[in-house]
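The values are calculated or read from the model by the stated rules, or taken from the named source; none is laboratory data. Note that this is a predicted model, so its numbers are computed, not measured. Cβ placement follows ideal geometry from the backbone for every residue including glycine, while neighbour counts extend to all protein chains displayed.
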Amino acid sequence: MDAFTKIEKIGEGTYGVVYKGKHKKTGQIVAMKKIRLESEDEGVPSTAIREISLLKELRHPNIVTLEDVLMEECRLYLIFEFLSMDLKNYLDSLGKGKLMDPKLVKSYLHQITNAILFCHQRRVLHRDLKPQNLLITKDGTIKVADFGLGRAFGVPVRAYTHEVVTLWYRAPEVLLGSQRYSCPIDIWSLGCIFAEMATKRPLFQGDSEIDQLFRIFRVLKTPTEKLWPGVSQLPDYKATFPNWTNYNLESQVKNLDEAGLDLLKQMLTYDPALRISAKDMVGHHYFDKIENGVRPLFEE
């Protein structure tokens, strides 16, 4: 830890306090994530250390770089490159009646999809994608933060601050108790984020797991065996779920063109086996005309 100076606390993440810091020798500004582990007395689990060291290999222009992993007694510090703005703050900063530029929505989605494809090809899931985990720069780059931490430390029900970890971006198979989830869970989360970039409001704002499911069902219909083979066998599925029968995604997401809506529908497909993959997303016609270098409007 001697190599870094803490400048200020900048936030509280899922796993612990995040500080802005500075490398004493180089002057590089970094984000220092202090990982608070469940069992402080036992030190850092070797599985977590193994997982985290793998994450240092994930180098991609749209992934926040894990620069270093430091141990201090029972505490683990993850040192990341520093970016000052996340997508949630950016959407909140846009002012009443102002939406994100559709070209920027497309550019951001394309960049995040590339990052996810890169990780999925290496068998790394994110598990907790949300606008707070997407960091942006002035030049129009967006980067995914916290890739792989879900596997290293588990995705807790509550953050260490006792704030409930948001369910808004969680895939239906996870909400229904499936233990056998995989890459499609990240695609679902990204679909929810895509809709939110287009409309500036979260698509499914549930405040409990059951409320979250019902909000999804109201927009995409209650899933049936025909729509999603095997759904009724999932641990938390109930035959008594209300049966919503209208599919009204279009009315919820009005600002997307036809190609965008087509892609969104494929991302929010119930059956994980039929949900579009990151690889197929990259080739979708929504991305036929893409403008690089579209910039967000924000002051640092």
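Residues in the stretch 278-298 that are in contact (Cβ under 8 Å) with a residue 60 or more places away in the chain and within 20 Å of residue 191 (Cα to Cα) were compared, and the one that is surrounded by the most Cβ atoms within 10 Å (Cβ to Cβ) is 281. For the stretch 276-290, a residue qualifies if it is in contact with a Leu (Cβ under 9 Å, 6 or more places away or on another chain) and among the charged types (D, E, K, R), and exactly one does: 279.
Assigned to a loop (DSSP other than H, G, I, E, B) and at pLDDT 75 or above: does that describe residue 37? The answer is no for residue 37.
Within the stretch 191-201, one or more residues are assigned to a helix (DSSP H, G or I) and in contact with a strand residue (DSSP E or B) (Cβ under 9 Å, 6 or more places away or on another chain).
For first residues located in the stretch 249-263 and touching a residue at least 12 places away in the same chain (Cβ under 8 Å) and under 14 Å from residue 196 (Cα atoms), partners that are among the charged types (D, E, K, R) and surrounded by 15 or more Cβ atoms within 10 Å (Cβ to Cβ) and lie 6+ apart or on another chain with Cβ distances below 8 Å form the pairs 249/265; 260/106.
Residues that are in a loop (DSSP other than H, G, I, E, B) and under 27 Å from the mean Cα position of the chain (by Cα) were ranked within the stretch 225-243; the one that is surrounded by the fewest Cβ atoms within 10 Å (Cβ to Cβ) is 235.
Right, residue 276: assigned to a helix (DSSP H, G or I) and assigned by TED's automatic domain parsing to the domain that holds residue 98 or not? Judged against the criteria, residue 276 is not a match.
Kindly indicate whether any position in the stretch 2-18 is farther than 13 Å from residue 149 by Cβ, assigned to a loop (DSSP other than H, G, I, E, B) and among the hydroxyl-bearing types (Ser, Thr, Tyr). The answer is no; no qualifying residue exists.
Being among the aliphatic types (A, V, I, L, M) and touching an Asp or Glu at 6+ places or on another chain (Cβ under 7 Å) is a property that does not hold for residue 253. Per the conditions (1) closer than 26 Å to residue 100 by Cα; (2) among the charged types (D, E, K, R); (3) without any contact (Cβ under 8 Å) to a residue 40 or more places away in the chain, the sole criterion not satisfied by residue 211 is (1).
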